[in-house]
Every structure is written in structure tokens, then in C-alpha cells.
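Undergrad: Just passing along the structure, written as C-alpha cells.
None of the figures in this text is laboratory data; all of them are computed from the coordinates on show. Computed from a prediction, not measured in an experiment: that's the story for all the values here. Cβ atoms come from the backbone with ideal geometry, glycine included; neighbour counts cover every protein chain shown.
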């Protein structure tokens, strides 16, 4: 496990569009969510201890905000050959076991992770639809300030960013990087 921090630079840029297969058998295109108030995109996987520590919080966030017009899309971009715990069948099992209420998508060729500049799991992006099927990245960072101990969380960074968009306010420019395992790139 190599601790990696997300990189800065994507906030304020146009979000790359994508279409990926979900563990439920459906295909999900970012463009399909153009009428949403905002969209959360999370790069995550099955085996990373940082993801495992926050997966329940991610599911709770999805339950709360999806009711308010903000869908959550999770993407696994890890090399599933070298890391079989992250293959598509294992993703299906994890989604069922955890009762994920959000689409869990497979980025088999890793093109979406590359397009977003994602480097770690979990890594969080908040997109705001603008016009047509265009989305602007308004937030890129961490879920909250304590990945390991939920009872000690003091700041809810991603939720605060979502709340700002829902209130028609700008998202704070003070964004802390996410941290987790490095994305496992194909050789």
C-alpha cells in the first residue's frame, strides 16, 4: 500500500465525459446526469484500506444527497489482472455485500482515471452541470478530515462543497487533497 495524495489543478476545469459499465449491468454516461444539481464522482476500489474505512460514509452520503438531486458515481480503475480483488466480479460482490446505493462502475482501460488526473483511492470530485452536457469540476479533494475514525470527524469537506452548490454559493477554494492507496496502473 503506497500512501498517495490527490493532485491539485482540476478544480475549475471542464470534467471529461465518460460512459462505463456498472456492476448492475447498466451503462452509465456522465452526460445522462446533465439535469442534476451536481454529480459526485469517486475513484475507489475494493482492496484499499482507506476506501474500506470510508465506504459506509460514502454510502450514507449517497443516500442523503441522491434524494436531493445529487447522484454519486463510484469508479474502480485499478488493474484487475494484478489486483484480482478489484475485478468486475469482486466489484459486484462488494456492492452487494455493502448495499451500495450508487452505481459502481468499472474503468477497465483506465482512460477515465487518466482523463481526470486521479491518482489515489478514494479520490473525490464534485461536478456542476453548466450547459448541455458540460460539467465543471468545483471540488477535488477529501471526504472529510478523519478517514480512520468517523467519530472524530470535524469537517465534512465534500458535503460542505455539495451544500454550497445546492445553496447557489461558490465552493470554497480551500480544498484539502484526498489521500489513499495509489491507483494500480496497468504495466
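Undergrad: Under 7 Å by Cβ, and 6 or more places apart or on different chains, what pairs join a residue from region 23-38 that is free of Cβ contacts under 8 Å to residues at least 40 places away in the same chain with one that is exposed (fewer than 13 other Cβ atoms within 10 Å of the Cβ)?
TA: Correct list of pairs: 27/19; 29/19.
Undergrad: Is there a residue in region 163-174 that is closer than 29 Å to residue 86 by Cβ and touching a helix residue (DSSP H, G or I) at 6+ places or on another chain (Cβ under 9 Å)?
TA: no
Undergrad: Here is a follow-up. For region 61-79: of the residues being closer than 18 Å to residue 121 by Cα and in contact (Cβ under 8 Å) with a residue 60 or more places away in the chain, which is surrounded by the fewest Cβ atoms within 10 Å (Cβ to Cβ)?
TA: 79
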